[in-house]
Amino acid sequence: MTGRRSWAEPWKVKMVEHLRMTTRPEREQAIAQAGFNTFLLPSEFVYIDLLTDSGTSAMSDRQWAGLMMGDEAYAGSMNYYHLESYKHLIPTHQGRCAEHIISQLCIRPGQTVPGNMYFTTTKMHQELAGGSFADVIIDEAHDPRSEHPFKGNCDLKKIEKLIREHGAEKIAYLSLETNVNMAGGQPCSMENIRATCDLCHRHGIKVYLDATRAVENAYFIREREPGYANKTLAEILREICDCTDGATMSAKKDALVNIGGFLAVNDDELAERARNMVVVYEGLHTYGGLAGRDMEAMAIGIQESVQLDHMHARIGQVEYLGHKLIEAGVPIVRPIGGHGIFVDAAAFLPHIPREEFPAQALAAALYVDSGVRAMERGGVSAGRDKETGKNLFPKLELVRLTLPRRVYTQAHMDVTAESVIALLENSRKVVGLRFTYEPKYLRFFQARFEPVRGNRVLEG
Ligand code: PLI
């Protein structure tokens with residue numbers, strides 16, 4: 001049996017959504033009108049949409065059936081009680097609202113918030129609450145070529161140094177992200193999660209989990225960490241959560257829904273304060289901006305997300321695309337991560353300086369070539385230093401080919417790989433970009449650009 005492919009997707013297609021095929025001149029026009037920002041493309045002009053895995057999953061027939069079981073009572077919706085995790089769970093309409101609440105409640109101006117690499121919305125909310133983010137991820141995470149199996153790990157020495165320099169009381173809490181998005185979907189080991197939490201707790205510092213992709217992380221722990229091969233994903237997930245004091249969650253990723261999230265905490269008093277705040281920004285604490293049906297779909301989605309067959313096929317599809325690109329010599333973040341393939345745009349386009357945003361240019365050129373929509377995860381996403389106002393240029397300058405869950409086929413992966421490989425062969429034809437409009441907050445969403453020469457991002 002060795003060498004035989006023993007699994008495929010544990011589902012079959014029941015309904016299809018038609019996609020529009022476009023011509024290259026149509027795509028050239030569309031990307032120019034979108035200011036060379038793939039976020040600003042109308043999705044009807046996109047063929048294969050790998051912008052994000054957020055809210056883009058296909059729901060199952062059971063989830064769709066669950067929508068009919070929505071209890072739309074304003075207060076005490078039955079669906080709310082189908083969700084449980086930490087001692088207190090407060091639904092929010094998506095992850096960043098949970099981040100907003102935890103940041104406002106737990107960060108005092110001038111405090112530091114260590115985390116294993118920044119995430120855009122997480123850091124933004126920390127800064128808006130008067131805090132400063134401090135990166136404590138291991139150095140390997142910043143090296144696309146490092147094959148470290150747990151590149152999401154925290155570096156305990158970096159945490160100890162922060163505590164020594166600032167004092168524990170100046171640290172608001174540690175924000176622990178699972179399957180670290182900006183590092184390429186890279187997991188943390190259970191050993192490291194436990195050691196990080198122990199260290200923080202010894203100093204009286206709380207640890208809040210960003211559980212957005214915690215199930216994907218659990219899958220990697222099961223695959224790679226000794227002692228976990230016979231545990232279920234649900235058991236591993238429980239173990240991760242048990243180490244921490246609470247979690248923010250965007251259910252739009254692992255939990256297989258198009259909208260939803262929550263804040264979950266163990267502390268009674270913090271929960272009380274969070275419930276007081278959620279009514280101001282989201283809605284009553286038993287629906288937090290969601291319809292009852294959304295909560296039901298989320299509860300069912302969480303159950304489906306921890307099925308091993310599901311996760312095997314999910315990560316298997318990412319690996320399929322990744323191996324095709326590696327075989328063709330495309331520089332991608334190694335090892336292959338959980339929710340997508342991250343192309344190393346700095347290595348792909350060495351002729352484009354960082355100031356001309358190679359990853360932004362590559363994402364736009366990929367769209368022109370084939371209608372595949374990807375996302376920049378590099379200098380544009382990083383924004384500006386909040387003190388100096390200068391552009392931040394993180395070591396990683398990446399284009400993320402993010403795979404929605406249960407949406408695309410192996411043939412779509414082949415088309416994507418062909419386009420990336422064709423671009424690599426013609427990489428000198430990709431032209432750098434400069435800003436024509438730069439928004440103040442989370443600029444990557446709405447920024448506009450123009451090519452530094454001519455009017456096309458992909459020449460020829
Ligand atoms: O998009 P939200 O507000 O539901 O969640 C924000 C959020 C928090 N943490 C992490 C690790 C995320 O990846 C995240 C959202 N990510 C998006 C939208 C993405 O495209 O990766």
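All of the numbers you see were taken from the coordinates with simple rules; none came from a lab. The structure presented is a predicted model; accordingly, all values stated were derived computationally and were not measured. Neighbour counts are summed over all protein chains in view; Cβ atoms, including those assigned to glycine, are modelled from backbone coordinates with ideal geometry.
Once the GluC sites (Glu not before Pro) in DSSP loops with at most 14 neighbouring Cβ atoms within 10 Å are cut out of the chain, the longest remaining piece is 148-386.
Note that the chain carries a Kirkwood radius of 22.6 Å, evaluated over its alpha carbons pair by pair.
Once the Cα-Cα distance is subtracted from the 0.36 nm per residue extended length, the Met78 to Ala422 segment shows a gain of 118.6 nm.
Listed as lacking a disulfide-compatible partner in the chain: Cys97, Cys106, Cys154, Cys188, Cys200, Cys241, by the criterion of no other cysteine Cβ under 4.7 Å. Restricting the calculation to Cα atoms, the stretch 338-460 yields a radius of gyration followed by a Dmax of 14.5, 47 Å. Structure note, pairs Lys151/Lys324; Lys12/Lys87; Lys253/Lys440: Cα-Cα distances above 31 angstrom occur for Lys12/Lys87.
Model label sites at Arg273 and Met68, defined 7 Å from Cα along the beta-carbon direction, differ in position by 4.5 nm.
Calculated mean residue ellipticity, 222 nm, the chain: -11500 deg cm²/dmol, from DSSP H runs (n ≥ 4) at -39500 (n - 2.57) each, averaged per residue and rounded to 500.
Taking a spot 7 Å from the Cα of Lys87 along the direction of its beta carbon, which residues of the stretch 270-292 have an amide N less than 17 Å from it? Backbone N within reach: 270-276.
The order of Arg108, Arg405, Arg213, going from fewest to most other C-beta atoms within 10 Å of their C-beta, is Arg108, Arg405, Arg213. The alpha-carbon atoms of the stretch 178-334 define a convex hull whose volume equals 135 cubic angstrom per residue.
Which of rounded, prolate or oblate describes the stretch 418-460 when judged by the alpha-carbon gyration tensor and an a/c cut-off of 1.5? Oblate, since a/c reaches 1.5 and b/c is not below a/b.
Spacing of the modelled spin labels on Ala168 and Tyr437, each 7 Å from Cα toward Cβ, amounts to 4.9 nm. For the stretch 1-157, the gyration tensor built on C-alpha atoms gives a rounded shape. Its axis ratio a/c (a ≥ b ≥ c) stays under 1.5.
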